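See structure below.
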Amino acid sequence: MDGLLIRGVALADWICPTRDGPGDLAVAGERLVDPGSLVSPRVVDGSGLIALPGLVDLHCHLRQPGQEQAETVASGTAAAARGGYTAVCAMPNLYPVTDTPERAQAIAQLGRRDGAAEVVPIGAISLGQQGQRLADLAALHRLAGVRLFSDDGHCVQSARLMSQACAAVAGFGGVLAQHSQDSDLADSLACCHSAERASRLGLEQWPATAESVIVARDVQLAAASGARLHVCHVSSGESVEIVRWAKARGVKVTAEVTPHHLLLPDDRMEGGDTTFKVNPPLTDAADIEALRQGLADGVIDAVATDHAPHTPADKASPFERSKPGMLGLEQALAVVIETMVAEGRLDWAMLADRMSHAPAAIAGLGDRQGRPLRPGQPANFVLIDPARRAVVDRARSRSRSRNNPYHGLDLPDPVVLTCWLGRLTHDGLA
């Protein structure tokens, strides 16, 4: 067999919603090629299907090393491939924390050995993610190629330390990805958006201002230093407006939203199911609308999963003490289609931008990920059936964990085939 030929498929990327009429997509080796150059390829009928650039996730937790009972690089990237992803950025809250070049290199090596998608290590901002002393960000970049830095799961509370981090990354074009949570307003037990619901359920409130005051602080620190700031998992309308304000003034700020914050309202917490405990917490209809609008108009640059696998034991404690986090890689595209494309808020080109091109650019992967679907480009793409739907069954997940908040929901089931550098990492046609 000489490569792969997908005939009569709609080709959609961040440049155009779909080209005029269906076309052919051809793969030989690790590249897209001229369809006429293939001699005896595997041929796939692309009628009714759409090809998108491979999705890029700015924010996931692969749990290896140290928490392999919940996830491994192999299982996490298998879930990513099932969801249409060809690259994932791995958060540093591991054992040990990714706060040295050697540890970042080890994560990248795990990805090359076991991955079904490109694995991009994110470096910690502070040593051990303790928020006390800055990690050697320049060395992480110089020796391990790290561009993104985050203490995700822990906000950098100190304005002084955050200012030092801004100065450090400004020199080499790095990006600080901040988990925005003022611990004086929302401590480690805070878990409920609504004050009324928190009081009724006996939980501690996590008010939206706990996020927005840190976002407001950090965009000003970034402006003062010229650093690049990325706001993780935006969950409130107020934070969206602060990012809008900062962008209008030329601050180098980008932002992401998660699929669960686009779809799931905070009333899911009523039954006490700890699957729905996440940080920041699920919010109300007004915030969900603000997030959808922010993603539609580009104030929010990207969708990022915050894929956070946990074992049953991790989720077995009382709600306020169970570990926060949800699976997201396999249903992210489905949620964006359901909430944004089906509602006319995004077309396919805009979806390709928010889920592929923009996150690739933020992560510094733009030379190989999020590229147009053209001959000569890396063969990173996902083939989808926009009409296919299914009821989500957590037992069928490729993740090692089962904390899937979409279990039982009827959602799009679009991914037919995922191709990463010419390798079929998910083949629903086989």
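Taken together, the values in this text are just the output of simple stated rules run on the coordinates, not laboratory data. In this text the structure is predicted, and so the values were computed from the model without any measurement. Backbone-built Cβ (ideal geometry, glycine too); neighbour counts: all protein chains shown.
With contacts taken as Cα pairs under 8 Å and at least 6 residues apart, the range 136-251 reaches a relative contact order of 26 percent. Database remark: amide H of MET326 closer than 5 angstrom to the amide H of ALA308 (H placed geometrically; neighbours at sequence offset of 5 or more, or on other chains; Pro and chain starts carry no H). For the peptides 349-357, 278-286, 30-38, the ranking by mean Cβ contacts within 10 Å, running from highest to lowest, is 349-357, 278-286, 30-38.
Within the straight-line cut-off of under 19 Å between alpha carbons, none of the lysines are reachable from LYS247, sequence neighbours fewer than 8 places apart in one chain being disregarded. For the range 58-363, the Stokes-Einstein estimate of translational diffusion at 25 °C and a viscosity of 0.890 mPa s comes to 128 µm²/s, using the Kirkwood hydrodynamic radius over alpha-carbon pairs.
Phi-derived couplings, Karplus 6.51 cos²θ - 1.76 cosθ + 1.60 at θ = phi - 60°, listed residue by residue for the range 26-41: 10, 10, 9, x, 9, 10, 6, 9, 5, x, x, 7, 7, 9, 9, x Hz, with x used for Gly and Pro. Coupling constants for the range 115-125 follow from the phi torsions by the Karplus curve (6.51 cos²θ - 1.76 cosθ + 1.60, θ = phi - 60°), and in residue order they are x, 9, 7, 5, 10, 10, x, 9, x, 6, 6 Hz; glycine and proline get x.
If both residues of a DSSP beta bridge must be in the chain, then about 45% of such bridges are antiparallel. Going from the residue with the fewest nearby Cβ atoms within 10 Å to the one with the most, GLU238, GLU204 rank GLU204, GLU238. Each pair of Cα atoms in the range 108-158 enters the Kirkwood radius, and Stokes-Einstein at 37 °C and 0.692 mPa s then converts it into a translational diffusion coefficient of 276 µm²/s. The C-alpha atoms of the chain define a longest principal axis, and helix 73-82 lies at about 60 degrees to it. The residues ASP385, ASP393, ASP99, when put in order of fewest to most other Cβ atoms within 10 Å, stand as ASP393, ASP385, ASP99. When only alpha carbons are used to place a centre, the range 155-193 and the range 42-88 end up 28 Å from one another. The C-alpha atoms of the chain define a longest principal axis, and helix 101-114 lies at about 40 degrees to it.
Taking the number of Cβ atoms within 10 Å of each Cβ as an exposure proxy, the fewest-first ranking of LYS277, LYS247 is LYS247, LYS277. Each stretch of four or more DSSP H residues adds -39500 (n - 2.57); spread over every residue of the chain, this sum gives -7500 deg cm²/dmol at 222 nm.
Along the range 301-310 the Karplus relation, 6.51 cos²θ - 1.76 cosθ + 1.60 evaluated at θ = phi - 60°, assigns HN-Hα couplings of 7, 8, 9, 10, 7, 6, 3, 9, x, 9 Hz to successive residues, with x for each Gly and Pro. In this structure, the amide hydrogen of ASP151, modeled 1.01 Å from its nitrogen in the peptide plane, lies closer than 5 angstrom to those of ILE125, HIS179, counting only residues at least 5 positions away or on a different chain. Close amide H partners of ASP99, meaning residues 5 or more places away or on another chain with modelled amide H under 5 Å apart, are ALA124.
Dipole check for the range 58-363: with +1 at the C-beta of Lys and Arg, -1 at the C-beta of Asp and Glu, and the Cα centre as origin, the magnitude is about 900 Debye.
Mean projected area of the Cα convex hull of the range 98-197, taken over all directions, amounts to 8.0 nm². Distance from the Cα centroid of the range 280-337 to that of the range 219-249 is 20 Å (rounded to whole angstrom). Under the definition of Cα pairs under 8 Å and six or more residues apart, what whole-number percent is the relative contact order of the chain? Normalised by residue count, the contact order of the chain is 21 percent.
Measure nothing but the geometry: give the 0 to 90° angle between the long axis through the Cα atoms of 237-248 and the longest principal axis through the Cα atoms of the chain, rounded to 10°. Approximately 70 degrees, to the nearest 10.
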